[in-house]
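All remarks here apply to the structure that follows.
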Ligand SMILES: [Zn+2]
């Protein structure tokens, strides 16, 4: 069990740019536990404000929780108010406040991107608070601390209200890691868990696992989604597939 996604220095290269963007903006909602910015740069500070973006049919709010800069993403269907949380990673009080700040959103579902413990520290508390339905891939579901209600396979779909999210199974960081795709009017939005970060794939434990993850990333992510695809990783700053695509040969060659 090694949740460390990437060497700190590799993430730091982009965070400075995002941080400059983020700190230039104003907070729009003040809450007791978590502030929510209504402009979105892709950077959030551990323990700091959340950031929300409105994509029309869906709003996405990113918040960093816990000691490992884990990102949790609250997705709300604007037509119905139904909400889904990607990785109830930590700090259930702040996650609860985030839901409360989302204008009557009803949190119905959690999706856990993979089995590593830093991605589900708040899963039980969120389930108890909201009565959520838990979703994960069947290969990682048995490792989670609460029962999974629905398992999803590659090519499957998860709905948040009227908005479909496509499931991509990425094998390597863990056997049952998944990514989710929202097809927005402005292009795809991809939640990658620990399978893809700015600067490289997620950590793998063997050469075979690394090859498997690179194969899946190349075939199922970079091979099917365009450069404008926005990437929301499980730790640290966001990126785009276009930013990362030129580095694929380098990643393959270096082996991590
Ligand atoms: Zn992990």
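Any read-out appearing in this document is the output of simple, stated calculations on the displayed coordinates, not a laboratory observation. Since we're looking at a predicted model, the values are computed, not measured. Every residue, glycine as well, gets a Cβ built from its backbone with ideal geometry; the counts of neighbours run over all protein chains shown.
Cα gyration tensor of the stretch 100-176, axes a ≥ b ≥ c as square roots of the eigenvalues: rounded (a/c below 1.5), prolate (a/b > b/c) or oblate? Oblate is the answer for the stretch 100-176, as a/c is 1.5 or above yet b/c matches or exceeds a/b.
Can you tell me what share of the DSSP beta bridges in the stretch 8-254 is antiparallel? A percent to the nearest 5 is fine. Close to 70 percent. Computed per residue of the chain from DSSP H runs no shorter than four, each worth -39500 (n - 2.57), the mean residue ellipticity at 222 nm is -6000 deg cm²/dmol.
For the stretch 88-168, DSSP calls about 45 percent of its internal beta bridges antiparallel.
The calculated FRET efficiency for residue 149 paired with residue 252, based on their beta-carbon distance and R0 = 30 Å, is about 0.20. Working from label points 7 Å from Cα in the Cα-to-Cβ sense, the residue 39 to residue 245 distance is 2.8 nm.
A protection proxy built from the mean count of other Cβ atoms within 10 Å ranks the segments 198-205, 161-168, 87-94, most packed first, as 87-94, 198-205, 161-168.
With each label modelled as a point 7 angstrom along the Cα→C-beta vector, the residue 117-residue 159 pair spans 3.7 nm.
The packing ranking of peptides 171-180, 46-55, highest mean first, is 171-180, 46-55, where packing means the average number of other beta carbon atoms within 10 angstrom of each residue. Hull volume per residue, based on the alpha-carbon atoms of the chain and their convex hull, is 110 Å³. State whether the stretch 170-256 is rounded, prolate or oblate according to the following rule on the C-alpha gyration tensor (a ≥ b ≥ c being the square roots of its eigenvalues): a/c under 1.5 gives rounded; otherwise a/b larger than b/c gives prolate, and the remaining case gives oblate. Verdict is prolate for the stretch 170-256.
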